[in-house]
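Scroll down for the structure; my scribbles are underneath it.
The values are calculated or read from the model by the stated rules, or taken from the named source; none is laboratory data. Being a predicted model, the structure only gives us computed values, none of them experimental. No Cβ is skipped: glycine too gets one built from the backbone with ideal geometry, and neighbour counts run over all protein chains shown. Side chains included, ligands, DNA and RNA excluded: accessible areas come from the protein's heavy atoms. Shrake-Rupley method; radii C 1.70, N 1.55, O 1.52, S 1.80 Å.
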Amino acid sequence: QLQLVESGGGLVQPGGSLRLSCRASGSILEYYTIGWFRQAPGKVREGVSCITSGDTTKYADSVKGRLTISRDNAKNTVSLQINSLKPEDTAIYYCAAGQSGISWCLSPYEYHDWGQGTQVTVSS
C-alpha cells in the first residue's frame, strides 16, 4: 500500500525559500500523479501544484512563478521548491497521489492517498 511522508517544512522569514519533499513507500511514485496542497487554519484545502506520471506540471495562479515541482525517481520522491515566501503561504502542506490527468490535478477529489502534512510558517 502506498504511503506518503512529507518533510522540509519549518519557520522561514518572508522572502525566504523552502524545499518540501514527498517520499513514497509501498509503491513506485512515478506511476502516479502527485499533487501538493495546502490548508491554512479556517480555510479550505487548496491545490498549489501537481505533476502527472508523464511529468506535465501545473501550478495554481496564486503561486505561479514561485513554485517548482519535480520528481526524483531514484529516490521515489516528489519535491516542491517554494521561493519568495509570503506570510499568506503559511499552512500545512500535503502531498497526495492519484491518477488524474492535468486538467483536474489541482482538485483534492482526484486523490486517494495522502501524507500527514508538514507545517510551513512564514513570519518575521
Spin-label pair Gln13/Lys43, simplified geometry with 7 Å Cα→Cβ offset, distance in nm: 2.3
Accessible surface of the chain [probe 1.4 Å, protein heavy atoms]: carbon and sulfur percent: 48
Debye intensity ratio I(q)/I(0), log10, the stretch 60-124, q values 0.14, 0.21, 0.27 Å⁻¹ (C-alpha model): -0.50, -1.12, -1.43
Cβ-Cβ FRET estimate between Asn73 and Gln119, R0 fixed at 30 Å, reported to 0.05: 0.65
Dipole of the chain, positive direction: furthest Cα of Cys50, Ser100, Gln39, with charges on the beta-carbon: Gln39
Order of exposure, largest accessible area first, which applies to Asp55, Asp89 with probe 1.4 Å: Asp55, Asp89
Accessible area per residue in Å² at 1.4 Å probe, computed on the chain: 51
Contact order normalised by residue count of the stretch 40-124, Cα under 8 Å, 6+ apart, percent: 31
Around Ala24: net Lys/Arg minus Asp/Glu count, Cβ-Cβ under 13 Å: -1
